Amino acid sequence: MIMVDMDSYAEELSRVIEILKENPRGLSVTDIAAHISVNRNTVSRYLDMLRISGQVDMKTYGKAKVFFISQRAPISAMINFSSDMVAVIDRDLAVAQVNDSFCEFLDIKREDIIGKELRNSPLVGFDHPVINERIMAALEGEESTDEIRIMKVDEEKHFKIRLIPTVLNDSTPGVTITLEDITKRKKAEEALISSERNYRSLVEEINDAIWDLDDNARFTYVSPRTTEILGFQPSELIDKPIYEILNEEGKSALDSCIRECRNNGGGPEIFNCSVLHSNGHKIILESSLCRRYDEFGIGTGYRLVSRDVTEREKAYRGLFKWKSFLNSVVMNIPAMVLVKEVKKGTYIFFNRETEEFFGINSASATGKMGWELFPDKFVEYLISGDREVASTGAPVSMSELRLKISGKNERIIKSRKVPIFGMDNRLEYILTLLEDITEEKRAEEEIIAQRDQAQSYLDLAGVMIAVVDRQGRLTRINRYGCRMLGVTEDQIIGKNWFETVIPAGRRDHLRKQYSRIIAGEISPPQSEEGVIVTSGGGEIPVLWHNSIIKSPEGEITAIVSSASQNIS
């Protein structure tokens, strides 16, 4: 590396630069020598020094060489064009330049770092033996690239660090340090590795066996779960055709699925087949088959996901034994159950509760239309629900119905309808569940009446009455309280009591005290002085009276507070 001491020629070099500034079109060596009264050889040496430092450029016109002030931007300006963090270090390991991105990352001003040694600057983190070794190598002309991690508060950042040999403006060697933020890339790589690990774990741990077959139906991959299901080790099946473990019915089912899979574009096909266990007994598998493709979209074989359904098939065969049991349950549940056959529009099933409620007999009512069995109002109600089920294909919860039944007082009925589909996925039956909720509704209406009456008493009170739940939310407030605060009930219900009503200076203290009361650690003060904040920002001194509300289990669920204006 060429070393030039420009300080010894500072005055002469300045004169050359001034002459070139006064002549923006450029000057030859002879012209410059004439201006500063120095011989041409000396001027040539000055110009070489200025060109090396990047302050002067030269253009050749034929045999003539013309020199002019460099139009290149200084490094201090250039590095700010980079989104990467850039710092320039001189040969004394002092910071010569740093760009805006670096300053922003370190949250410092440029003047707080320029001119300082690494170890005494905010870049002290780079004063590390390994990095120092790389810097010294860069000063000798060797570029290097590494990856580093930097902890910033609670965030870990990943950077690609490059140390580039650099010639500074005074022609002395330096090092440009660039930091490229690769955090997103590293996190993506880590996520990919984690995903691959999880995928492999999933393949190995799920209860299904996963097999890859080539186009000749030979095993190319066998998951470990295969051993549990079929008794074969994966290595025993690799490169063998799957047909060796299938019976004739299974071979036919597989061939059919492969044909369908090819015809539908490679989509999954599900089939059941019998497979021979390693000890000779038969296993029934439910398998899903789909086409496998390489990165160019060319088919390379098939993937099967298979599960052992032998016990399930046995369960199906034993299902008939449960039919009488289930019928007994449905017949005796406290809700009313009736089933309508969609195609004929007739009712084919009524449980005992339905018979008693409507006064019908299942034997004589089966096969009849609704208008032959039930009051007109109820028939219209049933039909409206049936239409909604037929149009949506989904269960429907219907609104409540008040119904007058012969020989009974008015009853309130709640209904839910459930579609039942056949083997061809067509709607075959509609199951209706009816519940007589008359007594429940009467109890609710009584509770509501009592609540409304209690609210009216609260609204007549001449003090603020408020209920605050465990989370500190206001759940109830009377009319007088709304007037004191200058709000409507809709504006304040559900708001945080402490943030809305309590002055800022007392919020933290009262919130902590409230948490201890709710936890049962202390009892609320029976009476205490306080201040409330109105919607307009004013403060009103009040006298508080507090009491707790407990659930039937004894848990504190809320605190009731009354406040009267404290005029003392």
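At a glance:
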{"read-out": "Unique residue being at pLDDT 85 or above, outside any helix (DSSP H, G or I) and open to solvent by less than 40 Å² (accessible area, probe 1.4 Å) when the list is ILE210, ILE229", "value": "ILE210"}
{"read-out": "Failed condition for GLU260, given (1) in a strand (DSSP E or B); (2) open to solvent by 50 Å² or more (accessible area, probe 1.4 Å); (3) not hydrophobic (A, V, I, L, M, F, W, C)", "value": "(1)"}
{"read-out": "Unmet criterion (only one of (1) touching a Leu at 6+ places or on another chain (Cβ under 9 Å); (2) at positive phi) for LEU246", "value": "(2)"}
{"read-out": "Hits in region 539-568 (condition: farther than 20 Å from LEU474 by Cα and not polar (S, T, N, Q))", "value": "PRO552, GLU553, GLY554, ILE567"}
{"read-out": "Total residues in region 266-300, condition part of a loop (DSSP other than H, G, I, E, B), of a type outside the set (S, T, N, Q) and either surrounded by 12 or more Cβ atoms within 10 Å (Cβ to Cβ) or in contact with a strand residue (DSSP E or B) (Cβ under 8 Å, 6 or more places away or on another chain) (or both)", "value": "5"}
{"read-out": "Condition check for ALA87: closer than 30 Å to PHE159 by Cβ and either modelled with pLDDT of 85 or more or among the charged types (D, E, K, R) (or both)", "value": "yes"}
{"read-out": "Search result, residues across region 355-380 that are of a type outside the set (A, V, I, L, M, F, W, C), open to solvent by less than 60 Å² (accessible area, probe 1.4 Å) and outside any helix (DSSP H, G or I)", "value": "GLY367, PRO375"}
{"read-out": "Options LYS59, LYS116, LYS109: the member that is at pLDDT 85 or above and touching a Cys at 6+ places or on another chain (Cβ under 8 Å)", "value": "LYS109"}
{"read-out": "Residue list for region 540-568, filter: touching a strand residue (DSSP E or B) at 6+ places or on another chain (Cβ under 9 Å), exposed (fewer than 11 other Cβ atoms within 10 Å of the Cβ) and at pLDDT 85 or above", "value": "SER551"}
{"read-out": "Condition check for PHE349: open to solvent by 40 Å² or more (accessible area, probe 1.4 Å) and either closer than 30 Å to GLY265 by Cα or over 47 Å from the mean Cα position of the chain (by Cα) (or both)", "value": "yes"}
{"read-out": "Top-ranked residue in region 381-403 [being in a helix (DSSP H, G or I) and within 18 Å of ASP436 (Cα to Cα); ranked as nearest to the chain's Cα centre (by Cα)]", "value": "GLY385"}
{"read-out": "Filter result (under 27 Å from LEU13 (Cα atoms), modelled with pLDDT under 80 and open to solvent by less than 70 Å² (accessible area, probe 1.4 Å)) within region 120-169", "value": "LEU168"}
{"read-out": "All helices (runs of 4 or more DSSP H) inside region 439-551 with 2 or more residues being over 30 Å from LYS414 (Cβ atoms) and under 38 Å from the mean Cα position of the chain (by Cα)", "value": "489-492, 497-500, 504-518"}
{"read-out": "Of residues in region 416-438 being assigned to a loop (DSSP other than H, G, I, E, B) and under 25 Å from THR346 (Cβ atoms), the one least open to solvent (accessible area, probe 1.4 Å)", "value": "GLY422"}
{"read-out": "Test: ILE413 is within 16 Å of ILE437 (Cβ to Cβ) and either surrounded by 15 or more Cβ atoms within 10 Å (Cβ to Cβ) or touching a Leu at 6+ places or on another chain (Cβ under 7 Å) (or both)", "value": "yes"}
{"read-out": "Test result for ARG307, among the charged types (D, E, K, R), touching a Cys at 6+ places or on another chain (Cβ under 9 Å) and open to solvent by 60 Å² or more (accessible area, probe 1.4 Å)", "value": "no"}
{"read-out": "Region 39-58 - residue that is open to solvent by 40 Å² or more (accessible area, probe 1.4 Å) and more than 60 Å from the chain's Cα centre (by Cα) and, of those, nearest to LEU168 (Cα to Cα)", "value": "ASP48"}
{"read-out": "Where a residue in region 536-555 is touching a residue at least 40 places away in the same chain (Cβ under 8 Å) and its partner, wherever it lies, is small (Gly, Ala, Ser), with Cβ under 7 Å and at least six apart", "value": "GLY536/GLY486; VAL542/GLY530; VAL542/ALA563; VAL542/SER564; ILE549/ALA558"}
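Conditions tested, residue by residue: (1) in the same structural domain as ILE518 (by the TED database); (2) surrounded by 15 or more Cβ atoms within 10 Å (Cβ to Cβ); (3) more than 16 Å from LEU510 (Cβ to Cβ).
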{"residue": "ARG473", "(1), (2), (3)": "yes, yes, no"}
{"residue": "ILE477", "(1), (2), (3)": "yes, yes, yes"}
{"residue": "GLY481", "(1), (2), (3)": "yes, yes, yes"}
{"residue": "LEU485", "(1), (2), (3)": "yes, yes, yes"}
{"residue": "THR488", "(1), (2), (3)": "yes, no, yes"}
{"residue": "GLN491", "(1), (2), (3)": "yes, no, yes"}
{"residue": "GLY494", "(1), (2), (3)": "yes, no, yes"}
{"residue": "TRP497", "(1), (2), (3)": "yes, yes, no"}
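The values are calculated or read from the model by the stated rules, or taken from the named source; none is laboratory data. As the structure is a computational prediction, the values presented were derived from the model and not from experiment. Reconstructed Cβ throughout: ideal geometry from the backbone, glycine too, with neighbour counts over all protein chains shown. Ligands, DNA and RNA are stripped out before the accessible areas are found, and what is left, the full protein with its side chains, is counted by its heavy atoms. Shrake-Rupley method; radii C 1.70, N 1.55, O 1.52, S 1.80 Å.
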